[in-house]
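The values are calculated or read from the model by the stated rules, or taken from the named source; none is laboratory data. The structure displayed is predicted, hence computed values, not measured ones. So basically every Cβ, Gly included, is an ideal-geometry build from the backbone, and we count neighbours across all protein chains shown. Note: areas computed on protein heavy atoms with side chains; ligands, DNA, RNA excluded. Shrake-Rupley method; radii C 1.70, N 1.55, O 1.52, S 1.80 Å.
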Amino acid sequence: MPASDELIHLESITKVYGTGDGTVAALQDFSLSVASGESLAVMGPSGSGKSTLMNILGCLDTPTSGRYWFAGQDVSRLNETELAHVRNRRIGFVFQQFQLLPKLSAWRNVELPLLYRNVRDRRSLALQALEQVGLANRVDHRPSQLSGGQQQRVAIARALVTNPDLILADEPTGNLDTASSRDVLAVIRELNEQGRTIIIITHDPEVAPVAKRTVHVRDGRLVEQVAA
Ligand SMILES: Nc1ncnc2c1ncn2[C@@H]1O[C@H](COP(=O)(O)OP(=O)(O)OP(=O)(O)O)[C@@H](O)[C@H]1O
Ligand SMILES: [Mg+2]
């Protein structure tokens, strides 16, 4: 069972893909706890199970066995609809490809997650989120009128606008140059300092220190935990 301050509690998670002789155990006996307000980096080589882990943490998929509690709720056996409900309400995603809609301005992109839930004052919430990522002066720009780092900050604002319990970032600086990466990491660090729980998945040893704790995944297993 999770402790009361734990946002994430994975207990002996296994994820097996395929059937018969073709099975792959992408995660094995994987246990991990993340406290509310923590920042965690997940590192590991290609094929080690990072995306599989992200999909489970983000309620995009369920484990084959083991248990996952998110904010005290057992989410390991939820169906698609129930998973989507948790995901949409409680988790903000940031991807390597920013996944902004090219025809929409920055604030229209940020507003999108609110459209699905009939929130009022969407524009002012979107502007607040853009201000938090340092883009108050770019709200009417389209993605093509923004630098890569600015586009990723719009994506972070979009993740933030629903006030999620968790921000889950998969290689958020993978498409950025060094200077833009620095800006994006500074925003992520600041959000964590304000109390937001962050999990960042990365290959890049320069990115991991943005989080206060790093875990390494190898062959589907958690192999070491290092406190920064
Ligand atoms: N849908 C799937 N069906 C079958 N096998 C899969 C599937 N997804 C992942 N795998 C296998 O599970 C293992 C872990 O894959 P995963 O994508 O989680 O690795 P990763 O750490 O994200 O790698 P990368 O850094 O290259 O993105 C790999 O052996 C992969 O081939
Ligand atoms: Mg991956």
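Annotations for the structure displayed:
- Pick from region 21-34, criterion near ligand 1 (Cβ under 10 Å from one of its atoms) and open to solvent by 40 Å² or more (accessible area, probe 1.4 Å), ranking: farthest from Val223 (Cα to Cα): Gly22
- Matching residues, region 184-219, being among the basic types (Lys, Arg) and either touching a helix residue (DSSP H, G or I) at 6+ places or on another chain (Cβ under 7 Å) or within 14 Å of ligand 1 (Cβ to nearest atom) (or both): Arg189, Arg218
- Residues in region 87-99 that are farther than 18 Å from Asp165 by Cα and either of a type in the set (S, T, N, Q) or exposed (fewer than 14 other Cβ atoms within 10 Å of the Cβ) (or both): Gln96, Gln97, Gln99.
- Considering region 2-20, the residues that are outside any loop (DSSP other than H, G, I, E, B) and within 13 Å of ligand 1 (Cβ to nearest atom) include one that is farthest from the chain's Cα centre (by Cα), namely Gly20.
- Residue within region 46-65 that is open to solvent by 50 Å² or more (accessible area, probe 1.4 Å) and more than 16 Å from ligand 2 (Cβ to nearest atom) present: yes
- Filter result for the condition that a residue is within 19 Å of the chain's Cα centre (by Cα) and exposed (fewer than 14 other Cβ atoms within 10 Å of the Cβ), over Ala71, Ala84, Ala129, Ala155: Ala84
- From the options Pro102, Pro113, residue that is under 28 Å from Leu130 (Cβ atoms), loosely packed, with under 13 Cβ neighbours inside 10 Å and away from ligand 2 (no atom under 16 Å from the Cβ): Pro102
- For Ala26, the conditions (1) closer than 23 Å to Gly174 by Cβ; (2) more than 16 Å from ligand 2 (Cβ to nearest atom) are fulfilled apart from (2).
- Thr197 vs. criteria at pLDDT 95 or above, out of contact with any Phe, Trp or Tyr (no Cβ under 8 Å at 6 or more places or on another chain) and closer than 18 Å to Gly58 by Cα: yes
- Yes/no for Asp177 being away from ligand 1 (no atom under 16 Å from the Cβ), open to solvent by 50 Å² or more (accessible area, probe 1.4 Å) and under 13 Å from the mean Cα position of the chain (by Cα): no
- Positions within region 35-45 being modelled with pLDDT of 95 or more and surrounded by fewer than 22 Cβ atoms within 10 Å (Cβ to Cβ), in sequence order: Ala35, Ser36, Gly37, Glu38
- Checked against (1) within 16 Å of ligand 1 (Cβ to nearest atom); (2) assigned to a strand (DSSP E or B), Ile56 passes all but condition (2).
- Selection over region 140-152 of residues that are open to solvent by 20 Å² or more (accessible area, probe 1.4 Å) and of a type outside the set (Lys, Arg) gives a count of 8.
- First in region 9-24 and farther than 19 Å from Gly58 by Cβ, second anywhere and modelled with pLDDT of 90 or more and surrounded by fewer than 11 Cβ atoms within 10 Å (Cβ to Cβ), Cβ under 6 Å, 6 or more apart: Val24/Gly18
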